[in-house]
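To keep things clear, I will list the structure first and then write my remarks on it.
Nothing in this text is a laboratory measurement; each read-out follows from the coordinates by a stated rule. Owing to the predicted nature of the structure, the values given are computational and were not obtained by experimental measurement. Here the Cβ positions follow ideal geometry from the backbone for every residue, glycine too, while neighbour counts run over all protein chains shown.
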Amino acid sequence: MKHLAVVVPAKDEEGTIGELLDRIGSVRVPGCELRAVVVDDGSTDRTAGIACECGAVVVRHYENKGLGAAVRTGLRTAVGRGADAVAYLDADLEYYPEDIPRLVEPVLAGRADYVLGSRYKGGGREVRGMRLYRRIGNHAFTLLLALLTRRRMTDGQTGMRAFSREAAAAAEIIHDYNYAQVLTLDLLRKGFTFEEVPIRYRLREHGASFICWRYPAKILPAIWRELRAP
Ligand SMILES: Nc1nc2c(ncn2[C@@H]2O[C@H](COP(=O)(O)OP(=O)(O)O)[C@@H](O)[C@H]2O)c(=O)[nH]1
Ligand SMILES: [Mg+2]
């Protein structure tokens with residue numbers, strides 16, 4: 001039986017974390033045992049307590065460090081606990097845990113080390129209702145990443161990804177604020193194989209997004225630093 005860790009970063013997601021973990025508990029991937037790892041990044045609500053009650057491994061940052069730092073902790077924890085493969089998804093129920101089998105299939109089949117779950121690959125109906133500036137930002141950053149990596153890519157900002165053990169162990173996230181673009185650059189520059197698979201998506205109904213007008217000003221210097229790293 002392979003150990004598939006499901007890493008979930010969470011900051012103040014008490015409205016969704018319980019349902020998410022219940023649904024992860026019902027997901028079946030043939031040949032795998034799923035184990036959820038929640039990284040609680042300084043939540044001030046009941047997120048960590050609910051995740052513990054649901055039986056997840058909970059790692060806590062007692063102060064908020066940022067999503068990049070949380071994903072770094074999550075991948076490190078998964079590898080340290082012996083995961084053979086890792087699935088990653090956000091805690092806010094924008095992504096469907098029921099899509100985990102399709103997400104990890106290229107990793108388990110040995111075709112890819114790194115998989116992006118794409119909200120656009122199935123035709124883009126999934127992002128209906130997303131604000132215009134976010135749509136434009138998504139496409140612009142995805143185009144930038146596709147040019148920098150010279151790969152076909154449709155969703156560089158997705159919050160649902162999968163990793164082989166080797167990719168999870170090698171991943172370096174250069175800033176604490178976010179991981180989305182710099183992680184892809186890091187892994188593809190290290191030569192890991194890559195695929196995108198279509199996934200479902202719906203906008204969040206609880207809580208609030210961390211993304212704000214400062215996002216590009218934080219992301220672009222990190223991409224620059226990542227490109228200059230050896
Ligand atoms: N660890 C950590 N997670 C965060 C932080 N802000 C948001 N998250 C989590 O990261 C995921 C994505 O965040 P979200 O704000 O929904 O981003 P969006 O989907 O791109 O709008 C969710 O699971 C959040 O709980 C943070 O400061 N630290
Ligand atoms: Mg979200």
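Counting only aspartates and glutamates at least 8 places from Lys190 when in the same chain, those with an alpha carbon closer than 13 Å to its own are Asp113, Glu166, Glu172, Glu226. Once you order the gyration tensor axes a ≥ b ≥ c over the Cα atoms, which shape class does segment 44-115 get: rounded for a/c under 1.5, otherwise prolate or oblate by comparing a/b with b/c? Prolate, because a/c is 1.5 or more and a/b exceeds b/c.
Which translational diffusion coefficient, to the nearest whole µm²/s, is obtained for the chain from the Stokes-Einstein equation, given a Kirkwood hydrodynamic radius over C-alpha pairs, 37 °C and 0.692 mPa s?
Using the Kirkwood radius from Cα pairs, D works out to 188 µm²/s.
Taken along the Cα-to-beta-carbon direction at a fixed 7 Å, the label points for Met1 and Ala169 span 2.3 nm. Looking at the chain, the DSSP beta bridges with both ends there are about 25 percent antiparallel. Please give the Cα centre distance for segment 105-158 versus segment 4-76, rounded to the nearest Å. Here the answer is 23 Å between Cα centres.
Counting pairs of alpha carbon atoms under 8 Å apart in space and at least six apart in sequence, what relative contact order in percent does the chain give? Answer for the chain is 23 percent. Ordering of 159-171, 51-63 by packing is 159-171, 51-63, highest average first (other Cβ atoms within 10 Å, averaged per residue).
Arrange the peptides 99-110, 179-190 so that the one whose residues have, on average, the most other Cβ atoms within 10 Å appears first. Please list the in-between numbers first.
Details: 99-110: 19.1, 179-190: 21.3.
The most tightly packed comes first, giving 179-190, 99-110.
Cβ crowding within 10 Å, taken as a proxy for footprinting-reagent exposure, orders His139, His175 from fewest neighbours to most as His139, His175. Classified by the C-alpha gyration tensor, segment 98-191 has an oblate form. Its axis ratio a/c, with a ≥ b ≥ c, is 1.5 or above, and a/b does not exceed b/c.
Its DSSP H runs of at least 4 residues, each contributing -39,500 (n - 2.57), put the calculated 222 nm mean residue ellipticity of the chain at -11500 deg cm²/dmol, to the nearest 500.
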